[in-house]
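Worksheet for the structure shown next.
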Amino acid sequence: MTKISKQTKLKAILEYHQGEFSKNQISRKYGINQTRFNLMCVAYEYFGPDFLLNPPKITSTFRIKIASWAIQNNASYSAVAAKFGYINVRQIQQWKEIYRTEGPNGLCLIQNRIMDNLLQYKTYSNETRRHIAGKIPTTCRLEKTTKYLL
């Protein structure tokens with residue numbers, strides 16, 4: 001799979017909005033997956049080029065917000081793109097599954113697993129470990145992460 005630049009994606013969206021070609025024609029021309037291009041067009045309609053140039057920061061709060069809203073509203077990926085400006089279908093799918101099986105803390109664990117890996121290194125001073133642990137959102141702190149601070 002070839003990485004397509006943000007500028008190329010934006011060019012494709014703008015070309016589509018000129019109205020001369022269909023989404024399928026444009027997506028083929030630029031080598032963009034058709035589903036992804038459809039979602040890009042939806043996100044562009046609501047967020048403009050910001051969804052590409054300044055994408056949302058992926059935090060545990062953001063994951064929870066998307067997953068819970070998508071599940072509660074039985075929302076399509078297009079609806080998620082329109083509401084949040086986020087178009088990564090695979091991630092949304094995974095977040096919804098984690099939310100269904102583990103609840104909101106399951107989505108917090110994604111962040112905590114990364115932090116756990118960092119905190120396990122003994123070369124960090126206690127002060128550094130406290131600083132790293134402080135980066136975990138309060139709603140997502142679990143006993144597991146604090147054990148490295150003792």
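Rule-based calculations on the coordinates, nothing more; no lab input. The structure displayed is predicted, hence computed values, not measured ones. Note that each Cβ is placed from the backbone with ideal geometry, even for glycine, and that neighbours are counted across all protein chains shown.
At 0.36 nm per residue, and after removing the present C-alpha to C-alpha distance, how many nm does the segment from Glu45 to Ser76 gain when stretched out fully? Don't skip to the answer; put the middle values down first.
Working: separation 31, 0.36 × 31 = 11.16 nm, distance 1.61 nm.
Extending this stretch completely gives an extra 9.5 nm.
Given a Förster radius of 30 Å and the C-beta distance between Trp69 and Asn33 as r, what FRET efficiency does 1/(1 + (r/R0)^6) yield to the nearest 0.05? Could the numbers behind the result be given before it?
On the way: r = 24 Å, r/R0 = 0.80.
The calculated FRET efficiency here is 0.80.
When each of the peptides 45-52, 61-68, 4-11 is scored by how many other beta carbons lie within 10 Å of its residues on average, the order from highest to lowest is 61-68, 45-52, 4-11. Ranking of Cys41, Cys108 by neighbouring Cβ atoms within 10 Å, starting from the fewest: Cys41, Cys108.
Any of Lys6/Lys96; Lys3/Lys83; Lys9/Lys83; Lys57/Lys83; Lys6/Lys57; Lys3/Lys23 with alpha carbons more than 22 Å apart? Name them for me.
On the way: Lys6/Lys96 27 Å; Lys3/Lys83 25 Å; Lys9/Lys83 20 Å; Lys57/Lys83 15 Å; Lys6/Lys57 16 Å; Lys3/Lys23 19 Å.
Checking Cα-Cα distances, Lys6/Lys96; Lys3/Lys83 exceed 22 Å.
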